Amino acid sequence: MGTTNLQAGFPVTRLRRLRKTPALRDMFRETILSKSDFIYPLFIIEGENVKKEISSMPGQFQLSVDNILRECEELQNLGINSVLLFGIPREKDDVGSGAYDDDGIIQKALRAIKASFPDLLVITDVCLCEYTSHGHCGVIENGYVNNDRTLELLAKEALSHAQNGADIVAPSDMMDGRIGTIRRTLDEKGFAETPIMAYSVKYSSAFYGPFREAAESTPQFGDRKSYQMDFGNSDEAMREIALDIQEGADIVIVKPALSYLDVIRRAKDSFNIPIAAYNVSGEYSMIKAAAQPGWLDGEKVMVEVLTSIKRAGADVIITYFAKEAARIL
Ligand code: PBG
C-alpha cells in the first residue's frame, strides 16, 4: 500500500514494540474469529437414534433426525446459529428422486428442525450426488452428466427445500445455469426472499474424500472433472462468480479453502458480495490425523487455519471445526 513509504526505518521503527505483550498483541490483531463466522455441516440419515461416527472424520457423525435435534440444541448452546444440511436417503435411483421427495430425509429434517429451533439458520446443500445410484451430481446420458436436464431437477430440489423451511439454499452441483434456473423457480413459487448461497467456485478436489464416506456419495464410475473446476484455474473461478452473481447468487462459496486461499482473496478483491469458504472434509481429517499421534497441536493448528481463511477474505467459514472452535473462543 502507498502508506508504507511514509514509515521511518530502523531504529525509529521497531515492529516488535507492538508484539511485546499479550495485551498489545490482542489489541492490534487484524483478524479475529467469532462464532458467527461459522456454519456447521450435518449429515442426516434415516432411522431412529442413529449416531454413527464417520471413520475418516473423527468427531463427526451421521445422525438420525432425533439426534439432529439434540445436536441443534448443543450448537445453539455453544453459540453457533447456522447449519448446512446433507441428506443420506434410504434409497437411491438414477434421477435422485429422494432429493425432491416431500418425505425425503432433508425435508423431514427441515420440518423437525424448524419446529423446534425456528431461529437457527438452516442452509441446505442442493445436489443430486447423495441421491443418485451412480453417485454423480446430475442425470447421466451416454456416460455424461446432461446439464440442462439436471437443471430442472435441481430447481425442484431447491424449491422443495424452501417449501419445507430452508432459510438458504446452496447449490453445489456445478451445472451451468443452475443459479438462474433456481432463482426463477423460487421467485415464481413465492420464495423470492430465499437467498441462494452458490458454490460458485468448486474445484474437483481430492480433499473431498472423507465427505464421500460421510455422505455415501462416491461416483460409481469416472470422476467429477467434467463439471467441477480444474485446480490449476483461477481466472475461470472469477468467471464462475461473475455468472452466478448475474444469475442471482446472494453469497458465493469458494471450495476447498486451504489450497485456494489465493482464490478467496481474489474473489474478495474482485466482487462486492459475501464470500463463504468451505474448509472441507479432507482439510479437517488431515489435522485430526496429525494431532492424534501428537505430531501437531490440533487446537492451535485449527485456530491458525481458520484465521488464515478469514484473513484471506472469507466472510463466513463452513467448517467441521465449528463446535471445537466455538468452545475455545
Ligand atoms: C456435493 C458436495 C461435496 C461436498 C459438499 N457438497 C462433495 C463432492 O463434490 O464430491 C464436499 C464437502 C467436504 O469435503 O467437506 N454435494
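Here are some notes:
- Condition check for Gly190: in a loop (DSSP other than H, G, I, E, B) and free of Cβ contacts under 8 Å to residues at least 40 places away in the same chain: yes
- Condition check for Asp102: assigned to a loop (DSSP other than H, G, I, E, B), in contact (Cβ under 8 Å) with a residue 24 or more places away in the chain, of a type in the set (Asp, Glu) and surrounded by fewer than 23 Cβ atoms within 10 Å (Cβ to Cβ): yes
- Scanning the range 232-268 for residues that are surrounded by fewer than 17 Cβ atoms within 10 Å (Cβ to Cβ) and of a type in the set (A, V, I, L, M, F, W, C), we see that the one that is nearest to the ligand (Cβ to nearest atom) is Leu243.
- If only residues of the range 184-211 that are aliphatic (A, V, I, L, M) and surrounded by fewer than 20 Cβ atoms within 10 Å (Cβ to Cβ) are counted, the one that is farthest from the ligand (Cβ to nearest atom) is Ala192.
- Where strands (runs of 3 or more DSSP E) sit wholly within the range 35-86, those with at least 1 residues that are among the aliphatic types (A, V, I, L, M) occupy 38-45, 61-63.
- Against the numbered list (1) at pLDDT 95 or above; (2) more than 21 Å from Tyr144 (Cβ to Cβ), Glu213 comes up short only at (1).
- When Ile328, Ile273 are screened for being of a type in the set (Val, Ile, Thr), closer than 30 Å to Glu188 by Cα and surrounded by fewer than 22 Cβ atoms within 10 Å (Cβ to Cβ), only Ile273 passes.
- In the range 29-62, the residue that is nearest to the chain's Cα centre (by Cα) out of those that are among the polar types (S, T, N, Q) and within 16 Å of the ligand (Cβ to nearest atom) is Gln60.
- Any chance Ile318 is surrounded by 22 or more Cβ atoms within 10 Å (Cβ to Cβ), at pLDDT 95 or above, part of a strand (DSSP E or B) and not charged (D, E, K, R): yes
- Residue pairs meeting the criteria (Cβ under 6 Å; at least 6 apart or on separate chains; first in contact (Cβ under 8 Å) with a residue 24 or more places away in the chain, in the range 224-252; second among the polar types (S, T, N, Q)): Arg224/Ser204; Gln228/Ser204; Met238/Ser270; Glu240/Ser200; Ile241/Ser200; Asp244/Ser200; Val252/Ser200
- The listed residues are Ala214, Ala276, and the only one of them that is among the aliphatic types (A, V, I, L, M), under 30 Å from Gly98 (Cα atoms) and near the ligand (Cβ under 9 Å from one of its atoms) turns out to be Ala214.
- Scope the range 120-160; condition in contact with a helix residue (DSSP H, G or I) (Cβ under 7 Å, 6 or more places away or on another chain), touching a residue at least 40 places away in the same chain (Cβ under 8 Å) and within 13 Å of the ligand (Cβ to nearest atom); matching residues: Thr124, Val126, Leu128, Glu130, Tyr131, Gly138, Glu157
- Residues of the range 43-68 satisfying the condition of being in contact (Cβ under 8 Å) with a residue 40 or more places away in the chain and closer than 14 Å to Tyr284 by Cβ: Phe43, Ile54, Ser55, Ser56, Met57, Pro58, Gly59, Gln60
- Single unsatisfied condition, Ala23 versus (1) part of a helix (DSSP H, G or I); (2) under 30 Å from Thr132 (Cα atoms); (3) aliphatic (A, V, I, L, M): (2)
- If you go through the range 272-303 and keep only what is charged (D, E, K, R) and closer than 17 Å to Ser56 by Cβ, you end up with Glu283, Lys288.
The values are calculated or read from the model by the stated rules, or taken from the named source; none is laboratory data. Remember, predicted model here, so these are calculated numbers, not experimental data. As a convention, Cβ positions derive from the backbone with ideal geometry for all residues, glycine included, and neighbour counts pool all protein chains shown.
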